[in-house]
Amino acid sequence: MSSPEEKKQNKDNGMYPMRTVANLTGINPVTLRAWERRYGLIQPQRTAKGHRLYTEQDVARIHRVLELLHQGFAISQVGKILDRSSENIRVPSTGEEKDNWATYRADMLAAIETYDEALLDELYNDILSLYPDDLVNTRLSTPLLRELGQHWKDSADGIAREHFFTAYLRNKLGSRIHHTGLQSKGPLLLIACLPGEQHEVGMLFFAVNAVSHGFRVLLLGANIPLQQLPAVVSKRPCAAIVLSTTRPSDKVINEQLVTLVAQISIPVFVGGTAAERYREEISSSGAICVGFEMQPALQQISEKLLQTGEAENQ
C-alpha cells in the first residue's frame with residue numbers, strides 16, 4: 001500500500017490509484033489491467049513501487065470506452081475508434097459486437113449442455129475480464145437464463161441445465177461480491193428479494209455492480225419477510241434497503257411494503273424486472289422504484305443517499 005505522504009502527493013497531483021478508479025467507473029481492476037495489457041486502451045503512470053496511477057484524462061477515457069461498448073462496439077474496435085475520434089472521424093458500428101455476444105452465448109450454452117463447469121468458468125472469466133459487469137449481465141447472462149427457462153421442456157434434462165447454470169452463477173457472483181465487498185468502504189446497502197420471490201440471480205447481479213461502485217452490501221437472499229427488516233437494520237445500521245422482484249403480489253406491494261417504509265427512517269428502493277410495472281404502487285408506498293437497469297439504479301441510489309446524508313453517516 002502507498003504511504004500517507006504518497007497518497008497526499010497523488011491527490012495533490014490529480015492522480016488516482018486503481019481502486020479509486022474502479023469505484024469511480026464501476027470497472028473492476030482485472031478489466032482495467034486487461035484493457036491496458038491486451039488492447040493498450042489505458043496507459044497509467046506508475047509509482048516508484050510500481051502501483052498504477054490514473055489521471056483525470058484516463059478516467060474520462062475509461063468512461064468513453066464504456067460508452068462505446070454500450071453502443072455496440074467490440075472491445076477490439078474501441079482503440080481505433082478512440083484514435084479516429086480525435087481526428088473527428090465518425091466510425092459506424094459494423095455489427096461485429098452483436099455477433100461477438102451471440103458467439104459468447106453459443107459457446108457458454110455448449111458448456112452448459114455438457115455440464116462442463118471448468119470450460120464454463122474459463123469462458124465466463126475471459127468475458128468478465130474484458131467487459132463491465134452490467135454489460136455481461138444484459139448481453140450474456142440474462143439472455144442465457146431466459147433461453148434456458150424458455151426451452152426447458154425441449155429436452156430430457158432442460159430443468160437440470162437451467163439449475164446447473166443458475167447454481168454456477170449464484171456461486172460465482174457470491175464469491176465476487178464477498179471478495180470485492182471486503183475492500184469496499186462506501187455506504188452499506190441491505191439487499192434482499194421481496195416475499196415470495198425465489199429468483200435471486202438478479203439481486204446478485206445488482207450486488208456485484210454495487211460493490212464495483214464502492215458500496216458495501218448485506219445480502220439476505222430470496223423470499224425475505226419484510227416485517228423482519230426493521231430488526232435487521234436496528235442491529236446492523238444500513239444506508240438503504242434495496243429489494244428485488246420479478247412478480248410481486250398485490251399484498252406485498254400495497255400492504256407489507258407500506259408498513260416497512262413507515263417503520264424505518266432509511267430509503268427503501270425496489271428494482272427488478274417487475275418494478276416498472278408497479279412504479280405507481282411502489283411510489284405510493286413511500287418506496288422508490290429504480291427499475292431494472294443497473295447503472296441508472298445505482299446512480300439514483302447514490303443521489304438519494306447524498307440528498308439524505310446517509311452516505312456520509314455510514
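The values are calculated or read from the model by the stated rules, or taken from the named source; none is laboratory data. The shown structure was predicted, so the numbers you read here are calculated from the model rather than taken from an experiment. Because the Cβ atoms are built from the backbone with ideal geometry, glycine has one as well, and the counts that use them run over all protein chains shown.
Checking the structure you have, find out if any residue of region 248-264 is within 20 Å of N209 (Cα to Cα), buried (at least 20 other Cβ atoms within 10 Å of the Cβ) and touching a residue at least 40 places away in the same chain (Cβ under 8 Å). Within region 248-264, not a single residue is within 20 Å of N209 (Cα to Cα), buried (at least 20 other Cβ atoms within 10 Å of the Cβ) and touching a residue at least 40 places away in the same chain (Cβ under 8 Å). Of all residues in region 50-61, those that are among the hydrophobic types (A, V, I, L, M, F, W, C) have Cβ atoms under 8 Å from Cβ atoms of residues that are not in a helix (DSSP H, G or I), 6 or more apart or on another chain, in L53/M15; L53/Y16; L53/P17; L53/P44; L53/Q45; L53/R46; L53/T47; V59/Y16. Within region 169-179, the presence of a residue that is touching a Leu at 6+ places or on another chain (Cβ under 9 Å), under 30 Å from Q299 (Cβ atoms), modelled with pLDDT under 95 and assigned to a loop (DSSP other than H, G, I, E, B) is excluded. Filtering region 29-45 to residues that are assigned to a helix (DSSP H, G or I) and either aliphatic (A, V, I, L, M) or surrounded by 14 or more Cβ atoms within 10 Å (Cβ to Cβ) (or both) leaves P29, V30, T31, L32, R33, A34, W35, E36, Y39. Taking the criterion of being surrounded by 17 or more Cβ atoms within 10 Å (Cβ to Cβ) and in contact with an Asp or Glu (Cβ under 8 Å, 6 or more places away or on another chain), the residues of region 209-245 that qualify are N209, S212, A239, A240, S244, T245. The residues listed here are A231, A239; of these, the one that is over 30 Å from F164 (Cα atoms), at pLDDT 95 or above and in contact with a helix residue (DSSP H, G or I) (Cβ under 9 Å, 6 or more places away or on another chain) is A239.
Taking region 106-134 as the region of interest, how many residues are surrounded by fewer than 19 Cβ atoms within 10 Å (Cβ to Cβ), closer than 25 Å to R37 by Cα and either in contact with a Cys (Cβ under 6 Å, 6 or more places away or on another chain) or in contact (Cβ under 8 Å) with a residue 40 or more places away in the chain (or both)? So the count comes out to 2.
Against the conditions (1) surrounded by 13 or more Cβ atoms within 10 Å (Cβ to Cβ); (2) among the hydrophobic types (A, V, I, L, M, F, W, C); (3) more than 30 Å from A102 (Cα to Cα), where does A48 fall short? Just the number, please. So the condition that A48 fails would be (1).
You will find that of F205, F292, F215, the residue that is of a type in the set (F, W, Y) and in contact with a helix residue (DSSP H, G or I) (Cβ under 6 Å, 6 or more places away or on another chain) is F205 and no other.
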